[in-house]
1. If you scan segment A:151-173, which residues turn out to be exposed (fewer than 15 other Cβ atoms within 10 Å of the Cβ) and in contact (Cβ under 8 Å) with a residue 12 or more places away in the chain?
2. Filter segment A:413-451 down to the residues that are within 24 Å of residue A:356 (Cβ to Cβ) and among the polar types (S, T, N, Q) and list them by number.
3. Among the listed residues B:144, B:105, which satisfies the condition of being under 30 Å from residue A:138 (Cβ atoms) and either of a type outside the set (S, T, N, Q) or surrounded by 16 or more Cβ atoms within 10 Å (Cβ to Cβ) (or both)?
4. Of the residues that sit in segment B:119-136 and are aliphatic (A, V, I, L, M) and loosely packed, with under 15 Cβ neighbours inside 10 Å, which one is farthest from residue B:51 (Cα to Cα)?
5. For residue B:84, which of the numbered conditions (1) among the hydrophobic types (A, V, I, L, M, F, W, C); (2) without any contact (Cβ under 8 Å) to a residue 12 or more places away in the chain; (3) farther than 20 Å from residue A:139 by Cβ fails to hold?
6. Kindly indicate which of B:60, B:79 is more than 14 Å from every other protein chain (Cβ to nearest Cβ), in a strand (DSSP E or B), out of contact with any Asp or Glu (no Cβ under 6 Å at 6 or more places or on another chain) and touching a residue at least 40 places away in the same chain (Cβ under 8 Å).
7. If you check residue B:55 against the conditions, is it surrounded by 16 or more Cβ atoms within 10 Å (Cβ to Cβ) and of a type in the set (D, E, K, R)?
8. Got a number for residues in segment B:141-199 being more than 14 Å from every other protein chain (Cβ to nearest Cβ) and in a helix (DSSP H, G or I)?
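The values are calculated or read from the model by the stated rules, or taken from the named source; none is laboratory data. All figures in this text were calculated on a predicted structure; none of them were measured in a lab. So basically every Cβ, Gly included, is an ideal-geometry build from the backbone, and we count neighbours across all protein chains shown.
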Amino acid sequence: MKRQLSDPASDGSDVSEDMEDDDEYAHYYYDNTDDLDIDKPKKSDDPEYFEYTILQVEDAERLLNEEIEALCSALKVPPSLAKMLLHIHDWQRELIIEKYQQDAEGLLVESNINSEKKALVNDKDTLTGSNPACPVCADNYPRDKFLGLTCGHSFCPNCWDMHFRVQIQQGVTMGIECMGQKCKVLVPESFLYSVLTDSKLRDKFSKLCFKDLIQGHPKLRFCPGPNCSVIIFAKEPRAKKVECSLCKSTYCFKCGIEYHAPTDCDVIKKWLTKCADDSETANYISAHTKDCPKCHVCIEKNGGCNHMQCSKCKFDFCWMCLGDWKSHGSEYYECSRYKENPNIANESVHVQAREALKKYLFYFERWENHAKSLQLEEQTLQKITSRIQAKVMENEGTWIDWQYLLNAAALLKKCRYTLQYTYPYAYYMDKGGRKQLFEYQQAQLEAEVENLSWKVERAEITDRGDLENQMDIAEKRRQTLLKDFLEV
Amino acid sequence: MANIAEQRIRREFKEVVKSDEVAACNIKVELVNDTYTHLRGEIMGPPDTPYEGGRFQLEIKIPETYPFNPPLVKFLTKIWHPNISSVTGAICLDILKDQWAAAMTLRTVLLSLQALLAAAEPDDPQDAVVAQQYKEHPEIFRRTALHWTSVFAKGPKKDKELEDKVASLINMGFEEHQARVALSTNQWDLTRAAEYCLS
């Protein structure tokens, strides 16, 4: 829809005519097919373009298995080892192959799959007698019953079994370690399956393991929608928008929370924590209060006068320098001159806190305000829908004739959404030319969004051409801002 | 499961009781009841620390899944340390959480706790107030920890000045422990401590 509007109409029609006329050029035009595909945004032009596929659990399993098999055959290692290597090294197959070929042992030690040579112990030697006691349960077993990993720590099968039980119950799968003291060597799946007999637990292990693998895979993510079981696959994982075709929720691929362009994942997290956090209350207290210099009770200044009297100890003091008021009188402004006074330093801390609070509130108010506007415009959309219904009933045009109103409302939502997320971005930006440019573009977008909102609300008295023109401008502004500031 | 836990504790008991550390009065474990699920530990404050000469009592609870899960340990003796809550005695130590291994024993736990007393980790605090003092006023921290050791853990070194300050707050009508906590928290500033008690 967006593409239809922003594309000059001539572009598309010319090309399609040419293609029908002359097959010779078809190939030439197909090379630039992005322009022709109306449903898909242009790769090169749309800063929000993101390619992803939605996978069912079985598809994702197949995908993982293919990657594991590919590594198995490249390195000639068993699947259980390949799986561990991939999981530990973020599924970077080429890197693993390269490192493995350079120094296989080094890679395995680094990955905590093998133990370092010098740290190798042989518990079988330290176990005494032909019927030694297991270091964990203290039961005696024949020497050959003991099992262990490459690190040499040996324990009885019952203890291994119990260890796996406890770990799986606690949700640990790929990260199960040897039971030895300070031993970090990981338990390979094959070893676990050879010991663990309970079929229910084996099932649970394999399910949890799959979850762990998907969560550790940079190109895959579980759809965070409620009760949604699909998995999103992105060839080039980025902090871009994903819309689940099943549960309809939209979110950022990289961090899984609400989509937040142009702000990046770390910044939006910081911002949301800041908004939720009570620390701003502390900041408020710091900005609006001082401690009485005599009895240290917390005092809020609620009037303009700087002559303060502590309500508790009745001490008269100056709000500016926190000195005794007696020394002020007629020479009031003297207090600002005592630079060596440590209270001036305190004062500057207060000023800083107050400034910080002011800045935060400035951005927060706007952020909140756009969030509220989005909610209100949701109501406008419902009103439009019912009005269209009424008009169609009264034979004033068909449903299709009025679609542009819905499109306008949807576009307004999209633009305002981006606008809302420009505020956290601006809050964390450093002062300078780039911020000036950002704020200029933000202001431009804001103006056009408000214009559009005005026209959508008065859709009936707005000319269709005028409205569509406004939509075009608003979307262009949004695109320009994203193109310049969305880091891809 | 509980069977393994009991068997292990029985054996560990022998281990700790026999070991050299016990001979040197460094660490001690005793039963509280005869179920082997609830034990009482004791460690000596390590030398060259403000805890030197103090005896610190620990509560040790053995979970059913021991030794596959760590024992639950906390200080019964009040202590001033960044990684130990001055209120509840809860301990922040990796081997009591995710770094536990089934091959570890009560002996390793007690020795690790002793090592923790000797080397605090203020960046991973359990008690934020103490940790802040440790970083910003190391000398006051040392004196406070020493004072707590002498009061609660039978430590040998008394600090007359600090005791006088506690006494003067008590004279103002505050309860002893409240007074001590208020002073410790407020870098031993009497006026601020009194304020703290009132708020």
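1. Within segment A:151-173, the subset exposed (fewer than 15 other Cβ atoms within 10 Å of the Cβ) is A:169-171.
Answer for segment A:151-173, where residues must be exposed (fewer than 15 other Cβ atoms within 10 Å of the Cβ) and in contact (Cβ under 8 Å) with a residue 12 or more places away in the chain: just A:171.
2. A:420, A:422, A:436, A:442
3. Working: B:144 fails: under 30 Å from residue A:138 (Cβ atoms).
None of the others qualify; the one that does is B:105.
4. Of segment B:119-136, the ones aliphatic (A, V, I, L, M) are B:119-120, B:128-131.
Then keep just the ones that are loosely packed, with under 15 Cβ neighbours inside 10 Å; that gives B:119, B:128.
Working: B:119: 11, B:128: 19 Å.
So, considering only residues that are aliphatic (A, V, I, L, M) and loosely packed, with under 15 Cβ neighbours inside 10 Å, the one farthest from residue B:51 (Cα to Cα) is B:128.
5. With (1) among the hydrophobic types (A, V, I, L, M, F, W, C); (2) without any contact (Cβ under 8 Å) to a residue 12 or more places away in the chain; (3) farther than 20 Å from residue A:139 by Cβ applied to residue B:84, the lone miss is (2).
6. Numbers: B:79 fails: in a strand (DSSP E or B).
The conditions single out B:60.
7. Details: surrounded by 16 or more Cβ atoms within 10 Å (Cβ to Cβ): yes; of a type in the set (D, E, K, R): yes.
Criteria met by residue B:55.
8. Adding up the residues that qualify gives 32.
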